[in-house]
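What follows is a single structure, written as structure tokens, with notes after it.
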Amino acid sequence: MKRTLKDLAIFGGPAAFDEIRHVGGPNVGDRTRLIERINELLDRRWLTNDGPFVQELEKRIAETAGAKHCVALCNATLALELTVRALEISGEVIVPSMTFIATAHALQWQQITPVFCDIDDESFTLDPDRVAELITPRTSAIMGVHLWGRPCRIEKLTDLARKNNLKLIFDAAHAFGCSWNGQMIGGFGDAEVFSFHATKFLNTFEGGAVVTNNDELAAKIRVMRNFGFAGYDNVISLGTNAKMSEVSAAMGLTGLESMDEFIAANYGYYRQYGEELSGVNGVSMVEYDETEKNNYQYVVLLIDQETTGVSRDQLMDLLWAENVRARRYFYPGCHRMQPYDSLYPETSERLPVTEDLVQRVLLLPTGTTISSEDISRICHIISFAVSHGEEINQLMSAEIGTHAG
Ligand code: T4K
């Protein structure tokens with residue numbers, strides 16, 4: 001319990017946790033099943049290259065996502081790159097800046113210009129009205145991001161893409177297991193891309209997948225992920241090595257069997273945070289639409305410094321000192337990172353909602369690696385800090401910048 005300011009670790013008190021509590025501690029399903037699968041693949045001596053576990057995982061992901069095809073890949077960044085390449089996208093692509101840097105890099109890496117677009121202040125995803133203003137003759141696609149698993153304005157973006165003859169891709173890295181309008185994320189646009197990185201709701205250690213209803217696109221990406229091979233000694237296109245290994249697929253299949261358990265943990269903690277922080281003025285939680293399916297993988301706070309007294313960054317530093325590694329996903333916005341900040345220095349002027357959001361957002365640990373007691377302790381620290389907001393602000397203002405630089 002923190003009773004006086006001196007009890008806070010940042011002012012010399014003992015840290016609330018001996019071990020670091022992370023945002024994105026990996027979900028691991030039934031270990032016995034995982035080890036069985038690993039033994040099976042070792043016995044089979046088939047470790048990668050479109051193996052049986054990869055094929056089984058692709059089938060299960062496609063079914064769960066309600067899409068015709070799933071192509072499993074080694075990560076979502078390459079999945080985005082291959083999707084863009086296979087769709088023959090060029091010129092400019094409209095994307096949010098409020099996303100992980102991989103969304104933008106997947107374009108710029110291939111000499112395609114990411115045109116950063118603002119988000120709306122409810123969904124925090126691409127604002128279709130702002131997207132419409134940025135369409136030029138060089139635009140070839142729109143790439144929406146289902147941020148924190150909360151879906152884009154899919155209907156409006158689909159209309160815009162259709163009317164302007166643009167490709168539509170969704171970076172669904174956060175949104176496996178989520179739905180929009182009762183339909184699972186995975187079947188929208190030309191293609192959607194999931195991430196199965198260790199920190200994601202479902203993980204394959206490293207991994208990703210493209211899901212699509214387009215037969216030709218799926219076939220093309222399948223060939224591209226394996227150097228362009230269409231059969232032994234037969235290369236039919238440019239390609240790379242973006243294959244998923246069997247051990248990764250074994251992890252994914254095992255995780256899929258525990259999806260309900262992962263969601264139950266996330267949902268319970270999402271509700272607990274909501275209840276325990278409900279009386280803390282100036283701290284609000286981004287909500288999920290509970291009429292839809294959600295994976296509740298991210299607990300997202302918005303900090304209003306006018307009310308809390310303590311700034312988002314001070315609160316983050318204070319939590320880090322307590323061994324709670326809260327994160328600012330996705331501060332400062334892609335447009336303020338390199339090479340985009342140098343290439344397109346004027347971008348921030350057209351992103352007022354993004355600019356405001358990146359200053360307020362703070363994500364907290366949740367999921368199967370932490371406990372309900374941990375959450376109560378984290379909520380207590382936040383509530384205590386806000387009740388002494390001004391004092392903490394003054395004391396910390398005298399000190400140096402944030403842990404995260
Ligand atoms: N699009 C979007 C919208 C994305 O968010 C991402 C990835 C992508 C595309 C690209 O997907 P991939 O190519 O990665 O499949 C992490 C992840 O590395 C990244 O996958 C993820 N988004 C992003 C949101 O978060 P970092 O650099 O913030 O943190 P990292 O990997 O060090 O992990 C975060 C925390 O989780 C750490 O503080 C420690 C903890 N952790 C991490 C790992 C890897 C664990 O407890 N165990 C672990 O094994 O990027």
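For the stretch 276-292, in order, what is each residue's ³J(HN,Hα) by Karplus, 6.51 cos²θ - 1.76 cosθ + 1.60 with θ = phi - 60°, in whole Hz (x at glycine and Pro)?
Calculated HN-Hα couplings, in order: 6, 9, 5, x, 8, 5, x, 10, 10, 10, 6, 9, 9, 6, 6, 7, 9 Hz.
Take every Cα pair under 8 Å in the stretch 252-405 that's 6+ residues apart, average their separations, divide by the length, and report that relative contact order as a whole percent.
Normalised by residue count, the contact order of the stretch 252-405 is 32 percent.
Would you mind checking which residues have amide H under 5 Å from Ile119's amide H? H placed 1.01 Å from N; only 5 or more apart, or other chain.
The list, which skips near neighbours in sequence, is Asp127, Val353, Thr354.
In what sequence, largest accessible area first, do Ile61, Ile236, Ile263 appear using a 1.4 Å probe?
Most to least solvent-accessible, the answer reads Ile236, Ile263, Ile61.
Which number comes out as Rg/Rh for the stretch 1-119 once both Rg and the Kirkwood Rh are worked out on C-alpha atoms?
1.15
Out of residues 5 or more away from Gly309 or on other chains, whose amide H comes under 5 Å of its own, with H placed 1.01 Å from N in the peptide plane?
Those qualifying (amide H under 5 Å, at least 5 residues apart or on another chain) number zero.
Amide H of Leu363 versus every other amide H placed in the peptide plane: which residues, excluding those fewer than 5 positions away on the same chain, fall under 5 Å?
HN-HN under 5 Å from Leu363: Leu301, Arg327, Arg328, Tyr329.
In sequence order, what are the phi-derived ³J(HN,Hα) couplings for the stretch 59-65 according to the Karplus relation 6.51 cos²θ - 1.76 cosθ + 1.60 with θ = phi - 60°, rounded to whole Hz, with x for glycine and proline?
Running phi through 6.51 cos²θ - 1.76 cosθ + 1.60 with θ = phi - 60° gives 4, 5, 5, 4, 4, 5, 8 Hz.
Leaving ligands and nucleic acids out of the surface, order Met251, Met337 by accessible area at 1.4 Å, largest first.
I get Met337, Met251, largest accessible area first.
Ignoring ligands and nucleic acids, what accessible area does Glu257 show with a 1.4 Å probe (Å², nearest 10)?
In the full protein context, Glu257 sits at about 100 Å².
With a 1.4 Å probe and every protein chain left in place, tell me how much accessible area Phe227 has, in Å² to the nearest 10.
Rounded to the nearest 10, that gives 90 Å².
Based on the Cα atoms of the stretch 62-178, what semi-axes does the equivalent ellipsoid have, where each is the square root of 5 times one gyration tensor eigenvalue, given in whole Å with the largest first?
Whole-Å semi-axes of the equivalent ellipsoid: 20, 17, 14.
For Lys167, what charge total do you get from the other residues with a beta carbon under 10 Å from its beta carbon, if Lys and Arg give +1 and Asp and Glu give -1?
Cβ neighbours under 10 Å give a net charge of -2.
What angle do you read, to the nearest 10 degrees and between 0 and 90, between the alpha-carbon axis of helix 215-224 and the longest principal axis of the chain?
80
What accessible surface, in Å², does a 1.4 Å probe find on Arg85, ignoring ligands, DNA and RNA and rounding to the nearest 10?
Counting only protein heavy atoms, the figure is 110 Å².
Per the Cauchy relation, a quarter of the hull surface: what is the mean projected area of the convex hull of the alpha carbons in the chain, in nm²?
Mean projected area for the chain: 20.5 nm², to one decimal.
If DNA, RNA and ligands are ignored and the probe is 1.4 Å, what is the ranking of Cys117, Cys74 by accessible area, most exposed first?
Cys74, Cys117
How much length, in nm to one decimal, is gained on full extension between Met285 and Asp215, taken as 0.36 nm per residue of separation minus their Cα-Cα distance?
In short, 21.2 nm is gained.
In whole Å, what is the distance between the alpha-carbon centres of the stretch 229-246 and the stretch 88-151?
The distance from the Cα centre of the stretch 229-246 to that of the stretch 88-151 comes to 29 Å.
Taking all pairs of distinct Cα atoms, average 1/r, flip it, and tell me the Kirkwood hydrodynamic radius of the stretch 189-299 in Å to one decimal place.
Hydrodynamic radius (Kirkwood, Cα pairs) of the stretch 189-299 is 16.9 Å.
What list of ³J(HN,Hα) values in whole Hz, one per residue of the stretch 164-180 in order, does the Karplus curve 6.51 cos²θ - 1.76 cosθ + 1.60 (θ = phi - 60°) give from phi, with Gly and Pro shown as x?
3J(HN,Hα) across the stretch 164-180, in whole Hz: 9, 6, 10, 6, 10, 10, 10, 7, 9, 3, 9, 10, 5, x, 9, 10, 9.
How big is the stretch 1-70 along each principal axis, measuring the range of its Cα positions in Å and listing the largest first?
59, 32, 19 Å, listed from the longest principal axis down.
Less than 10 Å Cβ to Cβ from Lys2, Lys/Arg counted +1 and Asp/Glu -1: what total charge do the surrounding residues give?
+1
The values are calculated or read from the model by the stated rules, or taken from the named source; none is laboratory data. The structure presented is a predicted model; accordingly, all values stated were derived computationally and were not measured. Here the Cβ is made from the backbone with ideal geometry for all residues, glycine too, and neighbour counts use every protein chain on show. What goes into the accessible areas is simple: the full protein's heavy atoms, side chains included, and nothing from ligands, DNA or RNA. Shrake-Rupley method; radii C 1.70, N 1.55, O 1.52, S 1.80 Å.
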